[in-house]
Amino acid sequence: MVVNQASLKRDGVQDFVSLRATALVLASYALFILGYFLTTPTVTFEAWQGLFSNLAVKVYTLAALVCMMVHTRIGLWQVLTDYVKNAKLRAILGFFLNLMAFAYVAVGFFVLWSV
Amino acid sequence: MLFFHTVTRHYGVANFTLMVPSITWWVITTIVGLLRVNGQVTVKKQRPVNLDLSTISMPATAKASILHRISGVALFFALSFVIWAWSESLSSPQGFEFVKSLFTGFIAKFIAWGAVIALLYHLVAGVRHLLMDMGRFEELGSGNASAKFVIALWVVLAVLAGVWIW
């Protein structure tokens with residue numbers, strides 16, 4: 001257990017479950033935002049800011065962003081391992097894509113903080 | 001100790017004389033293997049390789065699969081536009097008006113449409129994947145039919161999204 005947690009070894013079952021669990025959160029969030037646009041005839045600044053100043057929506061948005069990071073970490077890894085055969089290049093690309101995903105979460109966090 | 005196991009399993013006793021042919025074979029294959037690793041003995045298998053995608057038949061299931069990957073990667077990069085627009089629109093009333101004014105132009109509308117249709121495909125195909133996890137659409141017929149349905153539904157949704165945005 002300790003070895004498992006201390007190493008960076010990937011776990012296929014964990015990847016499988018994480019991908020699907022995060023997918024459910026992301027799908028529900030996408031439908032939530034879609035529903036907001038479809039049910040709001042004209043989105044004004046006040047209404048838009050009001051939506052994201054709601055604490056529950058903030059938590060939901062941050063959860064969706066973190067789920068996006070986990071989801072893309074697995075999904076982009078799957079794509080990279082299939083198409084980028086050079087291990088060094090694959091590691092570099094993976095590093096920057098994961099950094100990019102983290103940046104999305106960080107930007108989202110600070111935007112939510114300021115609303 | 002595969003050779004040992006093989007001998008005892010086949011002859012019932014771990015008789016060393018019976019193991020000699022097995023050990024000899026193991027030594028020979030190991031040496032040949034090492035030589036191959038060092039590149040001194042090269043036995044190339046002439047297997048046919050075809051990586052020309054235009055000549056490979058792509059059934060509906062393959063198309064559904066590759067589109068799921070393309071839409072996923074596209075969505076990841078489209079997020080940079082989405083998160084920027086979201087951040088700007090929440091920063092101030094001026095920022096909100098600025099983003100709104102961008103959406104009168106073709107480029108912003110096209111990027112938004114692209115992000116929305118990538119999301120729609122990834123979402124619809126993702127639901128199919130979840131149903132497949134539950135054991136549905138795993139046969140050749142139902143797999144192909146559900147793949148075709150997903151692509152057809154996406155085309156309809158993409159047109160609707162286009163009408164909505166423009």
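The values are calculated or read from the model by the stated rules, or taken from the named source; none is laboratory data. Quick caveat, the model's predicted, so the values are computed rather than measured. Because the Cβ atoms are built from the backbone with ideal geometry, glycine has one as well, and the counts that use them run over all protein chains shown. Only protein heavy atoms, including side chains, enter the accessible area calculation; ligands, DNA and RNA are left aside. Shrake-Rupley method; radii C 1.70, N 1.55, O 1.52, S 1.80 Å.
Cβ-Cβ distances below 8 Å connect the following pairs, each with a first residue in region B:87-101 that is farther than 19 Å from A:Gly108 by Cα, a second residue that is hydroxyl-bearing (Ser, Thr, Tyr), and a separation of six or more residues or different chains: B:Lys100/B:Ser89.
From A:Ala91, A:Ala101, which residue is more than 16 Å from B:Leu119 (Cα to Cα), surrounded by fewer than 16 Cβ atoms within 10 Å (Cβ to Cβ) and either under 11 Å from the mean Cα position of the chain (by Cα) or without any contact (Cβ under 8 Å) to a residue 60 or more places away in the chain (or both)? Unique residue meeting the criteria: A:Ala91.
Applying the set (1) away from chain A (no Cβ under 14 Å); (2) within 29 Å of A:Leu112 (Cβ to Cβ) to B:Phe149 leaves exactly one unmet item: (2). If the condition is being outside any helix (DSSP H, G or I), more than 23 Å from B:His122 (Cβ to Cβ) and away from chain B (no Cβ under 11 Å), then region A:69-115 contributes A:Lys85, A:Asn86. Take the residues of region B:85-96 that are in contact with a Phe, Trp or Tyr (Cβ under 8 Å, 6 or more places away or on another chain) and surrounded by fewer than 18 Cβ atoms within 10 Å (Cβ to Cβ): which is nearest to the other protein chains (Cβ to nearest Cβ)? Once the filter is applied, the top-ranked residue is B:Pro93. Of all residues in region A:20-39, those satisfying the criterion of being within 9 Å of another protein chain (Cβ to nearest Cβ) and in contact (Cβ under 8 Å) with a residue 24 or more places away in the chain are A:Ala23, A:Leu26.
Looking across region B:107-156 at every residue that is touching a residue at least 60 places away in the same chain (Cβ under 8 Å) and of a type in the set (Val, Ile, Thr), the one that is least open to solvent (accessible area, probe 1.4 Å) is identified as B:Val150. Only a single item in (1) in a helix (DSSP H, G or I); (2) over 22 Å from A:Leu51 (Cα atoms); (3) open to solvent by 30 Å² or more (accessible area, probe 1.4 Å) is not met by B:Thr104, and it is number (1). Taking the criterion of being β-branched (Val, Ile, Thr) and surrounded by 14 or more Cβ atoms within 10 Å (Cβ to Cβ), the residues of region A:20-60 that qualify are A:Thr22, A:Val25, A:Ile33, A:Val43, A:Val57. Going through (1) surrounded by fewer than 10 Cβ atoms within 10 Å (Cβ to Cβ); (2) at pLDDT 65 or above; (3) over 34 Å from the mean Cα position of the chain (by Cα) one by one, B:Gln40 falls short only on (2).
Residue count for region B:66-84, restricted to those that are surrounded by fewer than 16 Cβ atoms within 10 Å (Cβ to Cβ) and either within 14 Å of the chain's Cα centre (by Cα) or modelled with pLDDT under 95 (or both): 2. Restricting attention to region A:75-88, the residues that are closer than 17 Å to A:Ala21 by Cβ and surrounded by fewer than 18 Cβ atoms within 10 Å (Cβ to Cβ) add up to 2.
Taking the conditions exactly as written (open to solvent by less than 60 Å² (accessible area, probe 1.4 Å) and under 28 Å from B:Gln94 (Cα atoms)), does A:Val115 satisfy them or not? The answer is yes for A:Val115.
B:Val99 is checked against (1) under 18 Å from the mean Cα position of the chain (by Cα); (2) open to solvent by less than 60 Å² (accessible area, probe 1.4 Å) and fails just one. What number does that condition carry? Against the list (1) under 18 Å from the mean Cα position of the chain (by Cα); (2) open to solvent by less than 60 Å² (accessible area, probe 1.4 Å), B:Val99 comes up short only on (1).
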